[in-house]
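Throughout, read-outs are computed from the coordinates displayed, never taken from laboratory work. In this text the structure is predicted, and so the values were computed from the model without any measurement. Quick reminder, even Gly has a Cβ in these numbers, built from the backbone with ideal geometry, and neighbours come from all protein chains shown.
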Amino acid sequence: MRPVNSTSKTWSVGRELPSVSKALTQEKIDGYARASGDFNPIHVDTAFAAGTFFGGTIAHGMLLLAYLSEMLTAAFGRAWLSGGRLKVRFKGVARPGDTLTVRGRVERVQDEGWRLFMAVECVNQGGQVLVTGDAEVRLDG
Amino acid sequence: MDIALLEKGHRFSPVSVVLDEAAVHRYLEAVEDAALPALCRDEGQAWAPPMAVAALALRGLMEAIGLPAGAVHGSQEFEFRRPVAVAERLDSRAWVAHRSQRSGWLALAVEMEVTDEGGQAVLAGRASVLIPQ
């Protein structure tokens, strides 16, 4: 089955994926904690987090990956859910008050355009890279 | 479980996971994902967000490990083998793939596989975690 939003002709090396931006708040981090069941105090306990190396609460890494996944779902539809691969490193932390942007770019194309390799990242309002990595989709999956 | 005693090859007890409609709704609201609902409308299918499946499997794993509050998520890999339907029953299995100690930190890499009721993999992943000692 072909993915909803993509054909092999749509994507070429250098093309940027439509980016996604989110304004992060403590309420959103708390909401993610409730949805995921991850109540690690570094995310939800401001008094605890203030006394740690981070000096305050930070977002769950998996919340940032959810933003990346939204971008990849919007770009590739079913192909992302069925055969998508993501490999990332966490380079920095996202804090309440940050504006986060996830973006991606096609780096390599194989199999006559049906297999795409992308560089993806999540940056904050200052341009600091918080998450960096690679994603792969098969458009004929 | 004492993290200090976890050896490479240790297998965690399997965890059953289900993302029902309410849990998916809660998740989509929390992450403000508009793309998956649009895809579901287009296809007439109720798919679970792939990263929600991953997060649920990871939660079970992290609970089993009993990570201390100072633990840091270093890297993450996922492969989504097929879409997962809302309310589909899944099993998550995980094992320690790597273990090392350096400069007061314990580095653990845990690999996981999530399978459907037929035993077919729907998701595979690897998480690297740094734990202060």
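Give me a single rounded figure for A:36-43: the average over its residues of other chain Cβ atoms within 10 Å of their Cβ. Before the final figure, lay out each step's value.
Values: counts 12, 8, 6, 1, 7, 2, 4, 1.
Averaged over the peptide's residues, the number is 5.
In degrees, nearest 10, range 0 to 90: what is the angle between the Cα axis of helix A:26-36 and the longest Cα principal axis of chain A? The angle comes out near 70 degrees. Taking the number of Cβ atoms within 10 Å of each Cβ as an exposure proxy, the fewest-first ranking of A:F48, B:F80, A:F76 is A:F48, B:F80, A:F76. The calculated FRET efficiency for A:Q26 paired with B:K8, based on their beta-carbon distance and R0 = 45 Å, is about 0.75.
Shielding of peptide A:87-96 by partners, expressed as the average count of other chain Cβ atoms within 10 Å per residue Cβ, is 3. Taken residue by residue and averaged, Cβ atoms of other chains lying within 10 Å of the Cβ of B:52-64 number 3.
Relative to the current alpha-carbon distance between B:E111 and B:E43, full extension at 0.36 nm per residue lengthens the span by 21.3 nm. Straight-line cross-link reach from A:K91 at under 17 Å between alpha-carbon atoms covers these aspartates and glutamates, not counting any fewer than eight positions away in the same chain: A:E121, A:D134, B:E77.
The packing ranking, built from the mean of other Cβ atoms within 10 Å per residue, places the peptides A:123-135, A:26-38 in the order A:26-38, A:123-135, highest first.
Taking label points 7 Å from Cα along the Cα-to-Cβ direction, B:D91 and A:R34 give a separation of 3.4 nm.
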